[in-house]
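Encoded as structure tokens, the structure appears first; notes follow it.
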Amino acid sequence: MSSERFQHRDLESTKLACVSLFRRLNMLNSFFILNYTAIFKILSQYEELQIHSQGGHGTSSLASSVSGSGSVSASPNVVNPVSPNYFVVQEKLKLIEKKEMFDSQKLTDLISALEKQYSDHFCQSNILAARADLLVTQSTTTKRSNYWFGFRSGAVVVMFSWVLWDLFIDMNVRQSTVSPAQEPSYTVYACMLSWIVLFWMWGFNLWAWRTHRVNYHLLLELSPNSKSHTQVFTEATGLTFVFLANFMIFYKSQRSEQGDFPNWISKKQSRIFPFLLLLYFAFKAFYPWRKKKFLWGTIKEIIISPFGRVTFREFFVADFLTSLVKPMIFLVYSWCFYLSGEWLTDPVQEGAKPAAFCDSNQLFMQIITPLLSALPLWFRFLQCVRRYRDTGKRFPNLANAAKYALAHSVVFLGLVAQSANGDFRGVWIASLVLSTLYTFYWDVKMDWGLGSRTLTPNCFDLRDRLMFPHKNFYYFAIGADLIMRFLWTLTLVQWWNHWPLEAVVSSLLLGVIEISRRSMWACFRLEAEHLQNTEGYRPIEIIPLHFATATAQPEDDEEDEKGSQTWRATAEVIIFSLLVMVFALVTIFLTFLKL
């Protein structure tokens, strides 16, 4: 027994030594890539300075002639003319590549040999399992962040259970006749819930990329001090708690005649609660500005397409915007409901049709809503055209532009198909199916880089290297993407001329499904971009693996003092605790009054 214990300890020690060696080799490889990237950028800047000093205009021909494979070559399709210094820079790059400092072939061979040896000895020659074991994730979370996330999660679970009780169990017991289908304020909660789901999904994306070493910081040009997945989850729990608490207050005020809330608050007055929630989320979208200006700056570059810059980050965020059609329509409708004064009208009685303004307004239904569906697709179309102008490559840029042009046709044909005959609707359905299949093919083949492009016996293989451990993840994603793509196409068309609760729920469900699909797409899209320069957005082919440092990044601003951080955290804990206690006591008190 003792010998077996020592043998097991030696085995674990050997595994840890292999993991440590693998980590150091990859860090050394990252050092090589950073050096080569720095030299490349320095030479590109040098060429641009030479061009401007000679009275020329434009950008470096070295940077514009970077091919999709990552090599530097003078392409005949490049729009910018080749400067006289281009060939000088080329010769310098050739000299640099001969230096041992920039030669990583030996290092790559060592990494491959270590993976092979580890898989043969510990993983039964399974190279994917060996990579998963060698890429051990280091935890960067602190005790304070874990406690804070756990506390908020507990508060959210309690509040969520309370909401479920009142919506499904308590209402059935009392046999309530309250019909929320006639209350348009619920659209505000559908809007806010969609954005909360997006926030949670972004946290899951960060967790997946960090766990499997996808270098999202470099690909998306994020700051090293940007929020980690733990910080995103912590903030998401806070937003979720505020949403659920506000929803409970509004819902109970709508049932004030049953004793759930003080009867001195009328149904019309209770509409102020969703408006306060709308203002709170608008405030969080811009504050603090120094942390949010990065995102809004990216959105600005997307809106001014094709005149703005088009890098992988702008392309990535613009693709996310195409999946946020329903939340954006909800958001515009919510502001229309309050800014038009419709919320000041008296609620309708049971069975009556609401005299609504926004959902019957031709400007909102026939112009604003279709524009919100079409504009994100239009921005992506212009980005593809700009990429074609910059690179001179028809494929994949024009083929990608055709994909968004086809989706445009689905939007506008869907408007006409609502009142057209059966033949025209057949044209719309055909365009819908064609657009969906085209976008699905592009997702799998081009964005994810999965499958062989030739009809061979191995045409259903994924790709040579996978960063996620199980192939079943990829096969499931392919099937789910096909189904949810059809549902996404339905979000581009507005079939409802009014906003009863059933339409809001179905629209919310479609929106949440599309947000989930886009988050799944983002996981594999960044993985593919990490492994291969799919559309030539970066000047180098190799991307270093993402390694988290052993020291946790500070969670608050550096200028904040430790004492103020502790006081703020304590105050938030007290406030959250008091809120939960007050809600519970009010409910118990009102229940006893009714009895």
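The values are calculated or read from the model by the stated rules, or taken from the named source; none is laboratory data. Source: prediction; values computed, not measured. All Cβ positions, even for glycine, are placed from backbone atoms using ideal geometry, and neighbour counts span all protein chains on display. What goes into the accessible areas is simple: the full protein's heavy atoms, side chains included, and nothing from ligands, DNA or RNA. Shrake-Rupley method; radii C 1.70, N 1.55, O 1.52, S 1.80 Å.
Give the calculated FRET efficiency between Glu235 and Ser161 to the nearest 0.05, with a Förster radius of 25 Å applied to their Cβ-Cβ distance. Don't jump to the answer; show the numbers that get you there.
On the way: r = 22 Å, r/R0 = 0.87.
After rounding to 0.05, the efficiency reads 0.70.
In this view, the solvent-accessible surface of Trp428, computed with a 1.4 Å probe and all protein chains in place, comes to about 20 Å². Remark: the range 158-166, residue by residue, has Karplus-estimated 3J(HN,Hα) of 4, 5, 5, 5, 5, 4, 4, 4, 5 Hz, where x stands for each Gly or Pro and the curve is 6.51 cos²θ - 1.76 cosθ + 1.60 at θ = phi - 60°. Close amide H partners of Leu222, meaning residues 5 or more places away or on another chain with modelled amide H under 5 Å apart, do not exist here. Checking the Cα-Cα distances for Lys267/Lys326; Lys41/Lys300; Lys41/Lys445; Lys293/Lys326; Lys227/Lys471; Lys227/Lys292 against a 22 Å cut-off, the pairs over it are Lys267/Lys326; Lys41/Lys300; Lys41/Lys445; Lys293/Lys326; Lys227/Lys471.
Amide H to amide H, with H built 1.01 Å from N, Leu135 comes under 5 Å of no residue 5 or more places away or on another chain.
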